[in-house]
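The values are calculated or read from the model by the stated rules, or taken from the named source; none is laboratory data. In this text, all values refer to a predicted model and were calculated from it rather than measured experimentally. Methodologically, a virtual Cβ is constructed for each residue, glycine included, from the backbone with ideal geometry; neighbour enumeration extends over all protein chains shown.
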Amino acid sequence: MKMYSFANSFSPNFHLNIAHYFLLFFLACLFPHTSKLCFGDALPSVTPCINEERRALLAFKQDLIDPSGRLSSWAGQHCCQWKGISCNNKTSHVEMMNLRNTYTYTLSVFDAEWDEMEHSSLGGKINPSLLSLKHLNYLDLSRNDFHGIPIPKFFGQLKSLRYLNLSYASFGGEIPPQLGNLSNLNYLDLSEESDYSLLELPSNNLNWLSNLSSLKYLNLEGLGLNKTGESWLHAVNMLPSLLELHLPACQIESLPLSLGNISLKSLLILDMSYNELKFPFPEWLLNLANLRKLDLRGNSFSGAFPLELGRLKSLEHLELSFNALEGQIPKLAGNFCKLKILNLASNKFDGGIQNLLGGLTSCLNTNLESLDLSSNMLQRELPASLGMLHNLQYFSLYNNEMNGSIPESLGQLSQLTHLDLSLNSWGGSLTEAHFTNLTGLKYFALGKVTPYPTLPIPLIFNVSYEWVPPFMLHTINIGNCHIGPTFGAWLQSQTELAFVKLHGAGISGAIPEDWFSKISSKVYYLDLSYNQITGNLPLQLKFPNALILDLSHNQIHGPFPLWSSDNAIRLELETNSFFGPIPMNLDQRFPQLLALYLSENHFNGTIPLSICNLKNLLVLSLRSNELSGKFPQAWSLLQEIWVIDVAYNNLSGKLPNSIGVPGSLFMLKVNNNNLDGEIPLSLQHCTSLRHIDLANNRFTGTIPSWIGSNVPLVSILRLRSNFFTGHIPQQLCNLGYLHILDLAHNNFSGTIPKCLNHLSALTHGNSSAYDLYSYYDQQTSVVKVTELEYQAQTLMLVKSIDLSSNSLEGEIPEEICSLLLLHSLNLSKNQLSGNIPSNIGSLQLLEVLDLSRNRLSGWIPQSLSSSTFLSHLNLSYNNLTGRIPLGNQLQTLTDPFIYMGNPLLCGVPLSTKCSEDDHTPTEDNDHEDTNDKLWFYISMGLGFIVGFWGVCGTLVVKKAWRYAYFRWFDDLKDKVMLAIALKMARTQRKF
């Protein structure tokens with residue numbers, strides 16, 4: 001079953017275009033004698049049924065697949081009363097067949113919705129018995145699923161057809177050119193989404209179209225017209241009656257600049273969106289004098305705004321969104337004054353909008369009803385002239401760089417229903433004057449996304465607590481904008497809300513129970529997160545339409561709210577003060593949950609078994625509570641689970657062998673509990689695992705070899721503070737995405753694998769394993785590496801290896817110096833021996849190096865002094881000898897404890913001085929000292945030679961210079977002698 005396109009449903013259309021008026025009027029006149037409405041279900045009728053046509057309809061039904069029973073009414077003798085069938089009241093002939101799939105898509109993400117869509121679709125075959133319907137003039141099979149079968153060629157014999165709609169019905173193969181025989185056809189829709197279209201043009205041409213001289217509406221969305229060259233346009237140009245031409249997503253790369261005789265003079269609507277068109281506009285397009293709507297969004301237009309479109313004097317609706325237009329938006333006046341809808345969203349326009357508003361407000365009759373400037377780079381303040389657009393109903397500046405205060409003239413837009421000023425940098429305050437006349441406002445969005453919702457926001461609501469606004473909103477979307485400190489009367493008056501987002505709005509106090517109860521029956525999105533809301537929540541509430549319920553990051557206390565919602569996909573209550581058990585019947589209250597966030601509260605008791613019955617669950621976050629007991633055993637019922645986070649609780653027992661059985665797990669975090677036993681073998685089926693954290697438990701056994709072979713995408717592996725034994729398996733070196741390896745505080749023995757240089761994420765970077773699932777990791781994780789604590793926002797960038805507090809022996813492998821991206825290396829408290837690798841200084845990004853409490857010997861490598869970022873160094877309690885090297889970052893590490901427990905070390909910062917006759921440097925140091933002395937003497941010799949011969953050699957060779965030099969010297973001598981004589985004479989006179 002293919003997906004349907006709903007892009008057009010988000011367009012801000014507030015009136016019927018004149019073309020739509022014409023088509024509706026035309027269709028109403030086209031079928032004046034039918035017993036039912038064109039687009040409705042069957043109405044009661046006493047019109048008799050012609051037997052031949054009834055048998056034809058039954059034969060047609062027999063070849064169809066109708067899983068939902070939509071044609072169950074097709075029984076008995078009165079076929080004119082069957083659903084989707086309309087007959088002529090006078091002749092009783094079947095004239096209309098409307099079998100359009102009326103399933104309404106709700107933008108949900110449930111698999112069940114796709115199933116319902118498919119269940120409501122007709123399929124199967126199209127029986128030729130339709131040829132018996134000689135008077136059929138209206139046929140609509142749209143939005144069904146015929147699984148790629150060809151459009152029947154016999155449709156070309158239905159000569160009475162005036163309306164044919166086969167859109168989004170999954171027909172495939174070549175479009176039969178026989179459709180060109182339908183000379184009476186007024187409406188033809190063969191559209192399909194481009195990504196799913198199975199239709200092809202016959203012999204890559206549209207010549208058959210030229211025969212449809214009565215055609216008024218044509219939609220070929222998704223067809224690859226680029227294969228036809230320019231022939232498609234010549235075919236369309238043969239349709240003199242055409243009013244609407246829709247060619248979105250047809251892969252059209254260019255338009256011919258000239259077209260000869262233009263027959264499209266009646267064209268009112270031209271839709272060529274989502275193609276690959278570029279400037280310049282062809283002359284014939286600019287001569288379409290009657291054009292009312294031009295849709296060119298989603299093309300490849302770049303450069304300045306095309307002012308030549310002003311030649312389209314009748315243009316009322318202009319769509320240029322999703323292009324690459326740039327520069328300032330010019331002053332649009334003159335012929336642009338007729339515009340009612342202007343959409344310039346998702347371009348690269350910058351500067352202010354003063355010129356644009358100045359031009360629009362200079363028109364004698366400002367007709368503009370919709371202005372969308374979202375997702376550009378617009379700056380500066382919002383001009384007060386905005387208030388002069390008296391007919392404006394839709395206004396969006398979403399996602400720009402506007403700043404300054406919002407003018408009070410906004411309150412003059414009495415027709416405004418949709419206002420989106422969000423994701424800008426507004427300052428100042430909003431007062432009651434800003435909303436004075438906004439009586440029809442339904443959608444209001446304001447605020448800016450920030451990763452730190454607790455920071456003060458410069459824009460605040462400055463209205464009195466008692467103020468009641470003149471509007472009744474359906475959507476309020478305010479993020480990180482101060483509207484608190486309490487739920488004022490203006491908020492409590494909004495009882496018709498379906499979408500509520502008051503994220504980081506500075507609201508404190510309890511939620512008004514009366515307001516909350518009223519909106520609960522209507523709201524489908526509720527986000528009150530990152531406020532200071534206190535008190536208890538109403539315990540018994542139903543949210544019949546809710547998809548998202550988010551009250552996280554507040555100060556709410558009390559037991560788990562006994563709410564219920566048959567549609568909710570996300571429930572977020574984390575970072576509050578809820579207490580008590582999690583309800584045992586959670587699966588019955590929220591059967592469709594995809595994500596459950598209950599972390600950082602005080603929930604106690606056990607994990608309820610009912611969680612395993614949430615068949616759609618993807619994310620389970622119970623971190624940082626007081627849960628105890630064992631894991632439920634039925635984890636295999638969670639067929640799609642991605643994230644399991646139960647860290648920082650009091651869970652005990654073994655991880656169930658059923659965990660990870662479906663194989664979809666991406667993240668397993670059970671750290672800081674009292675779990676024991678071995679790592680479940682079932683996890684080897686989770687080939688997509690990214691993050692495994694079993695730290696601070698009582699796990700035993702060895703690291704299984706399947707980590708690194710069966711599970712190759714692991715990027716974080718934390719097993720610290722357990723009772724693991726055995727060797728570190730070589731298979732870990734296969735983890736090309738591993739950037740945090742923490743095996744500290746266990747009982748591992750053997751040597752450090754030399755193959756660690758195969759960890760490509762630590763050698764040259766390899767982060768392609770990150771995807772949307774890592775977002776959860778960023779929001780919830782803190783990793784402490786020695787003295788450094790890495791917060792959630794930077795965790796993905798951390799590169800760390802910690803093997804400390806084990807029983808590892810042997811030498812530190814030289815290969816570890818290949819991990820050039822490593823930030824932290826901790827090998828302390830082992831039994832490592834031998835020298836520190838001489839190239840350890842090649843780890844230029846190293847911040848933490850701890851090799852303390854081992855059996856290392858030899859000199860500290862001089863290369864360590866080249867480290868730039870090193871801030872934590874510990875080499876204490878080893879058998880190191882010789883002088884401590886100096887230079888760069890090492891000179892800032894002055895704590896003697898760094899080198900304590902190495903009695904044969906000397907030099908700064910230790911109090912032990914190195915003896916002057918210490919002639920036992922390392923080979924590297926000796927070689928470096930010899931090189932320094934050699935270069936010192938060479939530089940002295942070169943300096944003497946250059947200095948002496950640079951002066952004396954010139955005087956010897958150049959006679960004129962020699963004479964000039966001695967004359968200068970004699971003059972200088974005379975001046976000096978004269979100055980001395982004068983000085984002595986003055987001295988004698990004084991005495």
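Given the conditions (1) among the aromatic types (Phe, Trp, Tyr); (2) closer than 17 Å to Met472 by Cα; (3) in contact with a Ser or Thr (Cβ under 9 Å, 6 or more places away or on another chain), and given that Phe435 satisfies all but one, which numbered condition is not satisfied? Just one mismatch for Phe435, condition (3).
Looking across region 820-876, the residues that are β-branched (Val, Ile, Thr) and under 19 Å from Thr894 (Cα atoms) come down to Val848, Ile860, Thr868.
Looking at region 683-691, is at least one residue over 24 Å from Asp587 (Cβ atoms), assigned to a strand (DSSP E or B) and at pLDDT 90 or above? If you could, list the steps in order and put the result at the bottom.
Pass one, region 683-691, residues over 24 Å from Asp587 (Cβ atoms): 683-685, 687-691.
Checking the rest, the ones that are also assigned to a strand (DSSP E or B) come to 691.
Subset that is at pLDDT 90 or above: 691.
Looking through region 683-691, at least one residue is over 24 Å from Asp587 (Cβ atoms), assigned to a strand (DSSP E or B) and at pLDDT 90 or above.
Tell me which residues, restricted to region 495-528, are of a type in the set (S, T, N, Q), within 32 Å of the chain's Cα centre (by Cα) and farther than 13 Å from Ile548 by Cα.
First, the residues of region 495-528 that are of a type in the set (S, T, N, Q): 495, 508, 517, 520-521.
In the following step, the residues that additionally are within 32 Å of the chain's Cα centre (by Cα) were identified as 495, 508, 520-521.
Thr495, Ser508, Ser521, listed by residue number.
In region 251-271, the residues that are modelled with pLDDT of 90 or more form Cβ pairs under 9 Å with partners that are small (Gly, Ala, Ser) and part of a loop (DSSP other than H, G, I, E, B), at six or more places apart or across chains, as follows: Gln251/Ser194; Gln251/Gly224; Glu253/Ser300; Ser266/Ser241; Leu268/Ser314. Note on region 482-494: among residues that are under 31 Å from the mean Cα position of the chain (by Cα) and without any contact (Cβ under 8 Å) to a residue 40 or more places away in the chain, the one that is surrounded by the most Cβ atoms within 10 Å (Cβ to Cβ) is Ile483. For region 673-688, the criterion of being in contact with a strand residue (DSSP E or B) (Cβ under 6 Å, 6 or more places away or on another chain), among the acidic types (Asp, Glu) and free of Cβ contacts under 8 Å to residues at least 40 places away in the same chain is met by at least one residue. When Trp284 is tested against the conditions (1) closer than 19 Å to Arg311 by Cβ; (2) in a loop (DSSP other than H, G, I, E, B), the lone failure is (2).
Here is a list: Leu762, Leu732. Which entry is in a helix (DSSP H, G or I), under 30 Å from the mean Cα position of the chain (by Cα) and crowded, with 21+ Cβ neighbours inside 10 Å? Only one candidate passes the filter, namely Leu762.
If you filter region 469-481 down to residues that are closer than 19 Å to Gln415 by Cα and in contact with a Phe, Trp or Tyr (Cβ under 9 Å, 6 or more places away or on another chain), you find that the one that is surrounded by the fewest Cβ atoms within 10 Å (Cβ to Cβ) is Pro470. Annotation: Lys913 fulfils all but one of (1) over 25 Å from Gly750 (Cβ atoms); (2) modelled with pLDDT of 95 or more; (3) among the charged types (D, E, K, R); the unmet one is (2). The single residue among Asn674, Asn613, Asn649 that is within 33 Å of the chain's Cα centre (by Cα), over 26 Å from Leu713 (Cα atoms) and surrounded by fewer than 19 Cβ atoms within 10 Å (Cβ to Cβ) turns out to be Asn613. When each of Leu541, Leu562 is tested for being touching a helix residue (DSSP H, G or I) at 6+ places or on another chain (Cβ under 9 Å), surrounded by fewer than 22 Cβ atoms within 10 Å (Cβ to Cβ) and over 22 Å from Ala498 (Cβ atoms), the lone residue that passes is Leu562.
Please note which strands (runs of 3 or more DSSP E) are completely contained in region 577-682 and include at least 1 residues that are more than 24 Å from Ile556 (Cα to Cα) and of a type in the set (Lys, Arg).
Of the strands (runs of 3 or more DSSP E) lying wholly inside region 577-682, those with at least 1 residues that are more than 24 Å from Ile556 (Cα to Cα) and of a type in the set (Lys, Arg) span 650-654, 667-669.
Among all positions in region 194-202, there is at least one residue which is within 19 Å of Leu242 (Cβ to Cβ), outside any strand (DSSP E or B), hydrophobic (A, V, I, L, M, F, W, C) and modelled with pLDDT under 95.
Thr606 passes every criterion in (1) free of Cβ contacts under 8 Å to residues at least 60 places away in the same chain; (2) under 18 Å from Pro544 (Cβ atoms) apart from (2).
Sort through Ser183, Ser167, Ser213 and tell me the only one that's assigned to a loop (DSSP other than H, G, I, E, B) and buried (at least 16 other Cβ atoms within 10 Å of the Cβ).
On the way: Ser183 fails: buried (at least 16 other Cβ atoms within 10 Å of the Cβ); Ser213 fails: buried (at least 16 other Cβ atoms within 10 Å of the Cβ).
Just one listed residue meets the conditions, Ser167.
Go through the residues of region 837-850 one by one and say whether even a single one is under 17 Å from Gly882 (Cα atoms) and touching a residue at least 40 places away in the same chain (Cβ under 8 Å). Yes, the conditions are met somewhere in region 837-850.
Considering Leu259, Leu277, which residue is under 28 Å from the mean Cα position of the chain (by Cα), assigned to a loop (DSSP other than H, G, I, E, B) and either surrounded by fewer than 20 Cβ atoms within 10 Å (Cβ to Cβ) or aliphatic (A, V, I, L, M) (or both)? If you could, list the steps in order and put the result at the bottom.
Working: Leu259 fails: under 28 Å from the mean Cα position of the chain (by Cα).
After ruling out the rest, the residue left standing is Leu277.
Across region 628-638, what is the total count of residues that are surrounded by 22 or more Cβ atoms within 10 Å (Cβ to Cβ) and farther than 14 Å from Ile659 by Cα? Walk me through how you get there before you give the answer.
Step one: of region 628-638, the residues surrounded by 22 or more Cβ atoms within 10 Å (Cβ to Cβ) are 631, 635, 638.
Adding the requirement that they be farther than 14 Å from Ile659 by Cα leaves none.
Matching residues across region 628-638 total 0.
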